[in-house]
Structure formats: C-alpha cells, structure tokens
Amino acid sequence: MALKIWLNDKLVDQSQACISVYDHGLLYGDGVFEGIRIYSGRIFELAAHLKRLYESARVIRIEIPISVSAMLDAVEETVKANGITDGYIRLVITRGIGTLGINPFACKKPQIIIIADTIRMYREELYEKGMKVISACTMRCHPLSLPPQVKSLNYLNNILAKIEAIDNGVPEAIMYNHAGYVAEASGDNVFIVKNGVLYTPPTHAGSLDGITRAVVMRIAAENGIKVVEDNLTRFDLYVSDEFFLTGTAAEVIGVIEIDGRQIGDGKPGAITKMLREKFFNCARGRTD
Ligand code: PXG
C-alpha cells in the first residue's frame, strides 16, 4: 500500500513525495536526519530525537523552518495517517534547493521529509546467539573535521566501515578514533561489561549521543549496575566479559566475537540479556 509522506507542510501520496535534483541533501549529503521507533502505537523517545535533530541542524547552520512542537505534531500525524503501530520513522531535513556549488547559504528553504514505515530488524536468532564483529580499519571522523554527534546525511565514514564488515562476513564493524580509542559501531553505540561494571566510550571519543545508549545507561543504573563512561581500547574489547551494541534499529544486541576472538563464553552475557529484556519492556511501555 502506498504511504502518505510528510513533505514540508503537509501529507502527500508517496508518488508525489519528490525532491529536486538541485537539493544539496542529494548533491552534498548536506542535511540531518533521525531514525525513530514506534512501539505499540507509542513513538519512542520522540522529544530526545527532536532535541538531537535540532541540535544537529544548528551545528551545521540549518534553520529548521518549523518549531519543535509543530514538528512533533507533524511526526504524530504522519504515523497516524499511515496506521503504523509498530515501525520506524525516518525524519530528514535537507539543506534545500541551491546552486551547483557547495555554498549552503544559496539554499533558501530546508526541506522536511517524514516517512513512517515498517522496520526490518536483525533476525531473532542473532539476538539469541549473539553477533560477530570486526575492528574497522576506517577511522571514525575526527571531531575537528565533522563532529560525530551531528547525525548528518553524510554517512560515508560509517558506510566504509560497514563495507569492511560485510566484506568480512559479519554484520557490524567497530570504529576507532584518531587516538585509537573505541568510538562506536557503524550504526550503533558500544558497551562492554568487565567485573560487573558497564563501560561505554564518552561521546567525545567520536560517537553519536545515542538515544538507546542513554536509555540503557539509565536502566543499568536503576538496576544497581555501575555505569562508567571512559575511553576504551581494542584490548578492553578483547578481554571484556560481555560486549553489546545499542541502537534504534538493533535495540540491544550481544557481541560474541571480535576479530575472530571469542568474548566471554561465546554467548550473550547475563547483564546483556537483562538489559535487552528491560529495554524491550521499557520500549513497549511494560513495567516489571
Ligand atoms: N551511532 C551511529 C553512527 C548511528 O547511526 C547510533 C549510534 C545509535 O543511536 P540511537 O539514537 O539510534 O540509539 C546510530 C543510529 C539503520 C538505523 O537503519 C541506524 C541507526 C538508527 C536507525 C536506523 O541501520 N543508527
């Protein structure tokens, strides 16, 4: 069934949802976006996603032409119009139509696109058995070249890491920063457990300020697990007791092997499983 897509100020049929070939979003990857989940009819952490969207836009000097509350209404209307109760929202802001030159200020009107659709997750078996990953050779963007906290439309850095993963027969690659510390996976944040303590790299090590990451850190703390944000090395990953990734699409997924080395006993660990289950319940609005 054709979807209704939000384009700028209204819903249009999918076939009418068109963007100019002069849009700098296409020409230069100039824009920002969010990926948001809908669970049991509720939009998960929408306020946090909108905060990140507006902050990302601000850093790259895009002025989103509508207020946060108008955007919130537009997102809700799009979800409702498509009757999606469990799915995925892709919210995209492009720089808009400009000239064939990179000057962003030649673009007068940022374009707003909201798509509400279903989502394809990793298969259930991968959650039960755990995922294998590799260390990417591709370094995470230096924060002085492009702040990794900006969720921009320019994902080539991550895409190069994803290609490395797929070429090596695994779904994800871990990216390291210019100083050799763990930054994040190509589309997820990184956590390890060592001696019962949960560790995750600080966002200034080169990761997105993940919404799932924040929720998982909160759930861990609420359950008496100490959470530490600190630089991690490849050594730390290799000798971790548990290892998992978090993200809007992946939720919480255990890692059981990196660079051919087994993590723990080769199965998703107890803390990983507990956090996955509690995240699952929290996202679906169920409490213990
Ligand atoms: N790092 C990067 C580079 C990401 O792109 C995350 C971390 C996790 O952040 P959230 O806020 O989602 O917990 C992301 C988000 C997809 C997909 O289709 C990927 C993301 C989000 C939604 C869909 O692969 N990555």
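Projecting the Cα atoms of Ser152, Ser15, Phe235 onto the dipole axis of the chain, where Lys and Arg carry +1 and Asp and Glu carry -1 at the beta carbon, places Ser15 farthest toward the positive end.
Please compare each pair in Lys194/Lys273; Lys132/Lys273; Lys51/Lys273 to a cut-off of 22 Å on the Cα-Cα distance and tell me which ones are over it. As for pairs spanning more than 22 Å Cα to Cα, those are Lys51/Lys273.
Per residue, the accessible area of the range 36-144 comes to 54 Å² when a 1.4 Å probe rolls over the protein heavy atoms. Residues in the range 175-180 carry Karplus couplings, in order, of 9, 10, 8, 4, 9, x Hz; the curve used is 6.51 cos²θ - 1.76 cosθ + 1.60 with θ = phi - 60°, and Gly or Pro positions show x. Overall, the chain carries a charge dipole of about 360 debye about its Cα centre when +1 sits on the Cβ of Lys and Arg and -1 on the Cβ of Asp and Glu, all other atoms neutral. Take every DSSP beta bridge whose two residues both sit in the range 98-204, then give the antiparallel share in percent to the nearest 5. Given both bridge residues lie in the range 98-204, the antiparallel proportion sits at roughly 65 percent. The value given for the range 142-234 is a Kirkwood hydrodynamic radius of 13.9 Å, derived from the mean inverse Cα-Cα separation.
Hydrodynamic estimate: the Kirkwood radius of the range 4-117 over Cα pairs, inserted into Stokes-Einstein at 20 °C and 1.002 mPa s, corresponds to D of 150 µm²/s. Considering only the other residues whose Cβ falls under 15 Å of the Cβ of Ala249, what net charge follows from Lys and Arg at +1 and Asp and Glu at -1? Cβ neighbours under 15 Å give a net charge of -1.
Measure off 7 Å from each Cα along the Cα-to-Cβ vector at Met121 and Arg58, then give the distance between these two points in nanometres to one decimal. With each label placed 7 Å out from Cα toward Cβ, I get 3.3 nm.
In this structure His178 has an accessible area near 90 Å², from a 1.4 Å probe over the protein heavy atoms. Considering only Met274, Met131, Met217, the Gaussian network model of the chain with Cα springs below 10 Å gives its largest mean-square fluctuation to Met274. At full extension, Asn231 and Arg42 could sit 64.6 nm farther apart than now, given 0.36 nm per residue minus the alpha carbon distance.
DSSP finds beta bridges in the chain, and of those with both partners inside it, around 80 percent are antiparallel. Split the accessible area of the chain by element, probe 1.4 Å, and carbon with sulfur accounts for 54%. The value obtained for the range 232-288, namely the Cα convex hull volume divided by the number of residues, is 87 Å³ per residue. Look at the dipole of the chain built from charges on Cβ: of Val59, Thr85, Tyr39, the Cα furthest out on the positive end belongs to Val59.
The values are calculated or read from the model by the stated rules, or taken from the named source; none is laboratory data. If you're wondering where the values come from, they're calculated on a predicted model, not measured in any experiment. Cβ sites come from the backbone with ideal geometry, for glycine too, and all protein chains shown count toward neighbours. All accessible areas refer to the heavy atoms of the entire protein, side chains included, with ligands and DNA or RNA removed. Shrake-Rupley method; radii C 1.70, N 1.55, O 1.52, S 1.80 Å.
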